[in-house]
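The values are calculated or read from the model by the stated rules, or taken from the named source; none is laboratory data. In this text the structure is predicted, and so the values were computed from the model without any measurement. Cβ: placed from backbone, ideal geometry, glycine included. Neighbour counts: every protein chain shown.
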Protein chains: 2
Amino acid sequence: MSLDKAHHYQTLAKHFQSISHFEHLSALGDWDQATMMPIGGGEARGAAMAELATHIHNLKTAPMLADTIKEAQQEALTAEQQANLREMNYQYLQANAVPADLVKAKTKAAYRCEQAWREQRKHNDWQGFKPNLETLMSLVKEEATIRAQTLGVSPYDALLDKFEPGMTTAKIEHIFGQLKSWLPSLIQQVQAKQISEPRYGIPAATASDQALLGRDVMETLGFDFNHGRLDISSHPFCGGVSSDVRLTTRYDEADFTSGLMGIIHETGHAKYEQGLPLAWRGQPAGLARSMALHESQSLFCEMQIGRGASFLKLIQPLLKQRLGCQLSHQQLTNIYTRVSPGHIRVDADEVTYPCHILLRFEAEKSLVSGELAVADLPDFWSAQMQELLGINTDGDYKNGCMQDIHWAVGELGYFPSYTLGAMYAAQFKQAMEQRLGSVEQAIETGKLSDVMTWLEANVWSKGSLLSIDELMIQATGETLNPIHFKHHLENRYL
Amino acid sequence: MSLDKAHHYQTLAKHFQSISHFEHLSALGDWDQATMMPIGGGEARGAAMAELATHIHNLKTAPMLADTIKEAQQEALTAEQQANLREMNYQYLQANAVPADLVKAKTKAAYRCEQAWREQRKHNDWQGFKPNLETLMSLVKEEATIRAQTLGVSPYDALLDKFEPGMTTAKIEHIFGQLKSWLPSLIQQVQAKQISEPRYGIPAATASDQALLGRDVMETLGFDFNHGRLDISSHPFCGGVSSDVRLTTRYDEADFTSGLMGIIHETGHAKYEQGLPLAWRGQPAGLARSMALHESQSLFCEMQIGRGASFLKLIQPLLKQRLGCQLSHQQLTNIYTRVSPGHIRVDADEVTYPCHILLRFEAEKSLVSGELAVADLPDFWSAQMQELLGINTDGDYKNGCMQDIHWAVGELGYFPSYTLGAMYAAQFKQAMEQRLGSVEQAIETGKLSDVMTWLEANVWSKGSLLSIDELMIQATGETLNPIHFKHHLENRYL
């Protein structure tokens, strides 16, 4: 491929490399804000980050891009360059889809709604939250409608597409319809089975001991500390850039189990980032494929590996050494696979978690289509919680429809990613086991690295070079098939 | 002032505000690199920081600036706006002075020279260092010559001007000439006096205990932790931005005294940054006046306050509490005012330190004028060290002319700032004492905040609104007068 023949493509590659440099700084600013920055630094940082966001947006909507992309599409490119060009075009379309005025109006409404929500949630103040959410929701609908026109899809599909390119309402309805047909009865069966199991107390552990344990467990999972760190933030996340992944968690000194599993979850995200293709760093094709696939990697680490008996057996001596924890690996497994319906999504176990997503998917879809008014959201919520999990949430807004930050910041279309991710993860495990044999066995015999090597070869190293369907077919022989998730839950819990 | 009448000025204010936002991100990137970043993140960070530096340079040399500045100079502006415009013009001239090609060539040569120097210094390898320094020095001379033409001054003056606007070789020769006339004999007198004094052992202290002590001492000095942090780096510095000052230090577990004084020194820099005028944040007039003035504030904290008996008495209980240190405040004062000529500038005491600067000033001046060749630097060094401090450094390059990073990165013109800063600090103290009475007495009677309030009113809050001479006259009644530094040393050490 001579440079002359593909010089429009080369111009674009340079331009997107430049964008990635500014996105590096944006990721650093976000991480620092959540982990290191003193509160008094917030105002100046906010102004600097807003300036940076505007600059990045200007680069992504540079007037030369439309023509240069068209010209590059006529050039003789390798298959990988074509994939990169496709991703460039996708980013360009996404950035150009929504008028700057609407972006600003939504950002402002989202900021106001979120700030108020932080207090309103504490006070169960639905009446205060409702008008803010209504204002925000009308802007979300406007955004969805405009995006829909650009992409030639329905408004809610346009929102789904931001996080899982190519995903549609129809596909999710089909997948979630199946899920709904068997999940509630499975939950009842598991609860009946677990009712007679013993309960174990969790020993206290200092934050600093938990942090040392966290590092050990991250090293066990192959996290590369030459290209990343572990810190503390009030909401755990995996940030930074591929060459320097910034992972965070929080520690509860009365119960180390959630913090530890949080680290394992975020390490899954981090392994994906650290394993993205080196040759494509700084280019759109080198980025993670989608948010659902990202969740699949965190959930692979947490659910397929982390809550399995073999992994808990592997790390049990570390818990003993770092925390003085006397629980056996069987007791740890019991703790980490306990199923118990509850109000809060982020505290849910592996089996009941998808019910929280089914509810949110139905709500979002209806809010965007207009079938559901914001004012009717609490009743809708109560009815669904009753139906799916047998829980009464009447009047409990703060543990009901006000519990998540997503809607308070106008982020609709993300929730399905969590359960799609769990399904991808189960499907990867099934395919992997056809090649490697049982994952539990591999961990038991000291071959956890084989599991990671498979994920690297089939998922991480693909970046965005393939579509999600292409990736799934190459890795597992089929597109997303939720039956593997059902089998996984049945095998582990029945 | 109506906006219409000063709309060119307003355009500039907006432009420079934007530059300051990107400089905020640059400061964050630098701090993170020195304190938090894992080594493997360096390559991508380097590329992102280079992109950012180019962007900032482009903003500072934007083609519209020349005309807009000229137009703004015709507008009706307040005195403060005029000062801000003067600083904008100065930044514009500085950024435009040197052609981009030369900047790149120097950056590259400096990077190569510094990287090699890090190893060569360890091995006392002057022969390896010499050719790199020769290459770099010819680029420094080229830069100095071009800057000199823009400013209409001599080449070395043009380098001095980067760090202390308005300072000239002639002024420094006059000031340093006086210093040289009395300092060597003062050193001999002090040494004769101290020869019979007892020596005290320093107790060991863990890094974490020293960090807690450091925080306490910073709080004693009024450091605002709502707008800043304390962390660890291999070379202590004061970075970040005014609203979020990032201070670093390093801890020697066998000798806490240097780390503690390092924190006090950097806190002086930090107080200056935190005290810069709020109304001018983000504008050139809101920045620190000069590097010499910055050093004056760190040295005020370290020398005028920190090594004084009253301050050491004030913090002695903290040392006892945090480190279990049993030294009395008299013993601490003895340790912190011990005078002993040595090879290394950064380890030098308050009295012998200026000798290291006198030597470097003479060397730089002659290197830039061409009177001294790089090859003759070691002989020049030995002769000067013998004359000024009575120390033989023949053949000891690593503790001689290879000890500092400044020349290895092509930074000439900075060294005088250290001693000018010490002199400014002594002059501030003298003026302050005319108003407040003895500083030692103020600290002794719990009025350290009065000292800080004077500095804030007379130095910090002025930003760059005044020239250095205007600032000195308003604060002390005269321009820089080195006699106060002489009096300070005589009072403390004789």
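State whether one or more residues within segment A:375-383 are assigned by TED's automatic domain parsing to the domain that holds A:Gly177, in contact with a Lys or Arg (Cβ under 9 Å, 6 or more places away or on another chain) and surrounded by fewer than 19 Cβ atoms within 10 Å (Cβ to Cβ).
yes
Collect the residues in segment B:112-162 that are on the phi > 0 side of the Ramachandran plot and touching a Lys or Arg at 6+ places or on another chain (Cβ under 9 Å), keeping them in residue-number order. Don't jump to the end; show me each part of the working.
Here is the first cut: in segment B:112-162, the residues on the phi > 0 side of the Ramachandran plot are B:124, B:152.
Hit for segment B:112-162 is B:Asn124, nothing else.
Within segment B:401-414, track down each residue that is touching a Pro at 6+ places or on another chain (Cβ under 9 Å) and surrounded by fewer than 22 Cβ atoms within 10 Å (Cβ to Cβ).
none
With the condition kept exactly as written, say whether any residue in segment A:22-34 is at the interface with another protein chain (Cβ under 8 Å from one of its Cβ atoms) and in contact (Cβ under 8 Å) with a residue 60 or more places away in the chain.
Initially, segment A:22-34 is screened for residues at the interface with another protein chain (Cβ under 8 Å from one of its Cβ atoms), giving A:22, A:24-25, A:28-29, A:32.
Restricting the remaining residues to those that are in contact (Cβ under 8 Å) with a residue 60 or more places away in the chain gives A:24, A:28.
Yes, some residue in segment A:22-34 is at the interface with another protein chain (Cβ under 8 Å from one of its Cβ atoms) and in contact (Cβ under 8 Å) with a residue 60 or more places away in the chain.
Tell me which residues, restricted to segment B:28-78, are acidic (Asp, Glu) and at pLDDT below 95. Before you say what the answer is, go through the steps one by one.
To start, the set of residues in segment B:28-78 that are acidic (Asp, Glu) comprises B:30, B:32, B:43, B:51, B:67, B:71, B:75.
Matches in segment B:28-78: B:Asp30, B:Glu43, B:Glu51.
Please verify whether B:Arg246 is closer than 30 Å to B:Met88 by Cα, surrounded by 18 or more Cβ atoms within 10 Å (Cβ to Cβ), within 14 Å of another protein chain (Cβ to nearest Cβ) and touching a residue at least 40 places away in the same chain (Cβ under 8 Å), treating the condition exactly as stated.
Numbers: closer than 30 Å to B:Met88 by Cα: yes; surrounded by 18 or more Cβ atoms within 10 Å (Cβ to Cβ): yes; within 14 Å of another protein chain (Cβ to nearest Cβ): yes; touching a residue at least 40 places away in the same chain (Cβ under 8 Å): yes.
When the stated conditions are applied, B:Arg246 passes them.
For segment B:354-371, enumerate the residues that are outside any helix (DSSP H, G or I) and surrounded by 18 or more Cβ atoms within 10 Å (Cβ to Cβ). Break it down stepwise before answering.
First pass over segment B:354-371, keeping only residues outside any helix (DSSP H, G or I): B:370-371.
Those that are outside any helix (DSSP H, G or I) and surrounded by 18 or more Cβ atoms within 10 Å (Cβ to Cβ): none in segment B:354-371.
Those residues that are surrounded by fewer than 23 Cβ atoms within 10 Å (Cβ to Cβ) and within 14 Å of another protein chain (Cβ to nearest Cβ), I need them from segment B:224-238; list them, please.
B:Asp224, B:Phe225, B:Asn226, B:His227, B:Arg229, B:Leu230, B:Asp231, B:Ile232, B:Ser233
Regarding B:Lys429, is this residue modelled with pLDDT of 95 or more, surrounded by 22 or more Cβ atoms within 10 Å (Cβ to Cβ), within 30 Å of B:Leu159 (Cβ to Cβ) and under 21 Å from the mean Cα position of the chain (by Cα)? Before you say what the answer is, go through the steps one by one.
On the way: modelled with pLDDT of 95 or more: yes; surrounded by 22 or more Cβ atoms within 10 Å (Cβ to Cβ): yes; within 30 Å of B:Leu159 (Cβ to Cβ): yes; under 21 Å from the mean Cα position of the chain (by Cα): yes.
Yes.
Of all the residues that make up segment B:357-408, how many are within 23 Å of B:Ala110 (Cβ to Cβ) and under 24 Å from the mean Cα position of the chain (by Cα)?
23
Select from segment B:474-494 the residues that are in a loop (DSSP other than H, G, I, E, B) and over 25 Å from B:Glu456 (Cα atoms) and list them in ascending order. Before you say what the answer is, go through the steps one by one.
If we filter segment B:474-494 for residues that are in a loop (DSSP other than H, G, I, E, B), which is where we start, we get B:477-482, B:494.
Result: B:Leu494, single match.
Taking segment A:294-311 only, how many residues are of a type in the set (A, V, I, L, M, F, W, C) and surrounded by fewer than 24 Cβ atoms within 10 Å (Cβ to Cβ)?
Within segment A:294-311, the subset of a type in the set (A, V, I, L, M, F, W, C) is A:299-301, A:303, A:305, A:309, A:311.
Next, from what is left, pick out any that are surrounded by fewer than 24 Cβ atoms within 10 Å (Cβ to Cβ): A:309.
Of the residues in that region, 1 qualify.
One residue is enough: does segment B:250-265 have a residue meeting the conditions at pLDDT 95 or above, surrounded by 19 or more Cβ atoms within 10 Å (Cβ to Cβ), outside the structural domain of B:Thr453 (by TED's automatic domain parsing) and assigned to a loop (DSSP other than H, G, I, E, B)?
Yes, segment B:250-265 has at least one match.
Does any residue of segment A:72-95 turn out to be within 14 Å of another protein chain (Cβ to nearest Cβ) and among the hydroxyl-bearing types (Ser, Thr, Tyr)? Steps first, answer last, please.
Going residue by residue through segment A:72-95, those that are within 14 Å of another protein chain (Cβ to nearest Cβ) are none.
No, the conditions are met nowhere in segment A:72-95.
Looking at (1) in contact (Cβ under 8 Å) with a residue 24 or more places away in the chain; (2) buried (at least 18 other Cβ atoms within 10 Å of the Cβ); (3) within 30 Å of B:Thr479 (Cα to Cα); (4) among the aliphatic types (A, V, I, L, M), which is the one condition that is false for B:Ile146?
Only one criterion is unmet by B:Ile146, namely (2).
Within segment B:41-53, can you find the residues that are facing another protein chain (nearest Cβ under 9 Å) and surrounded by fewer than 17 Cβ atoms within 10 Å (Cβ to Cβ)? Break it down stepwise before answering.
Taking segment B:41-53 first, the residues facing another protein chain (nearest Cβ under 9 Å) are B:41-45, B:47-52.
Of everything in segment B:41-53, those that are facing another protein chain (nearest Cβ under 9 Å) and surrounded by fewer than 17 Cβ atoms within 10 Å (Cβ to Cβ) turn out to be B:Gly42, B:Glu43, B:Ala50.
Which of the following residues is modelled with pLDDT of 95 or more, closer than 21 Å to A:Leu367 by Cβ and within 24 Å of the chain's Cα centre (by Cα): A:Asp161, A:Asp157?
Details: A:Asp161 fails: modelled with pLDDT of 95 or more.
Being modelled with pLDDT of 95 or more, closer than 21 Å to A:Leu367 by Cβ and within 24 Å of the chain's Cα centre (by Cα) holds for just one of A:Asp161, A:Asp157, which is A:Asp157.
Residues of segment B:164-205 being among the acidic types (Asp, Glu) and more than 28 Å from the chain's Cα centre (by Cα), which ones? Even if it seems obvious, please write down each step before you answer.
To start, the set of residues in segment B:164-205 that are among the acidic types (Asp, Glu) comprises B:164, B:173, B:197.
B:Glu197, the sole residue that qualifies.
Look through A:Ser461, A:Ser417 and report the one residue that is outside the structural domain of A:Leu77 (by TED's automatic domain parsing), surrounded by fewer than 18 Cβ atoms within 10 Å (Cβ to Cβ) and either in contact (Cβ under 8 Å) with a residue 12 or more places away in the chain or not in a helix (DSSP H, G or I) (or both).
Numbers: A:Ser417 fails: surrounded by fewer than 18 Cβ atoms within 10 Å (Cβ to Cβ).
From the options A:Ser461, A:Ser417, the qualifying one is A:Ser461.
Given B:Ala408, B:Ala422, B:Ala375, which one is closer than 27 Å to B:Lys486 by Cα and in contact (Cβ under 8 Å) with a residue 24 or more places away in the chain?
On the way: B:Ala408 fails: closer than 27 Å to B:Lys486 by Cα; B:Ala375 fails: closer than 27 Å to B:Lys486 by Cα.
Step by step, each of B:Ala408, B:Ala422, B:Ala375 is checked, and only B:Ala422 is closer than 27 Å to B:Lys486 by Cα and in contact (Cβ under 8 Å) with a residue 24 or more places away in the chain.
Any residue at all in segment A:331-342 that is without any contact (Cβ under 8 Å) to a residue 60 or more places away in the chain and over 29 Å from A:Asp224 (Cα atoms)?
yes
Would you check which residues across segment A:184-210 are more than 29 Å from A:Met385 (Cβ to Cβ), not polar (S, T, N, Q) and not in a helix (DSSP H, G or I) and list them?
A:Gly201, A:Pro203, A:Ala204, A:Ala205
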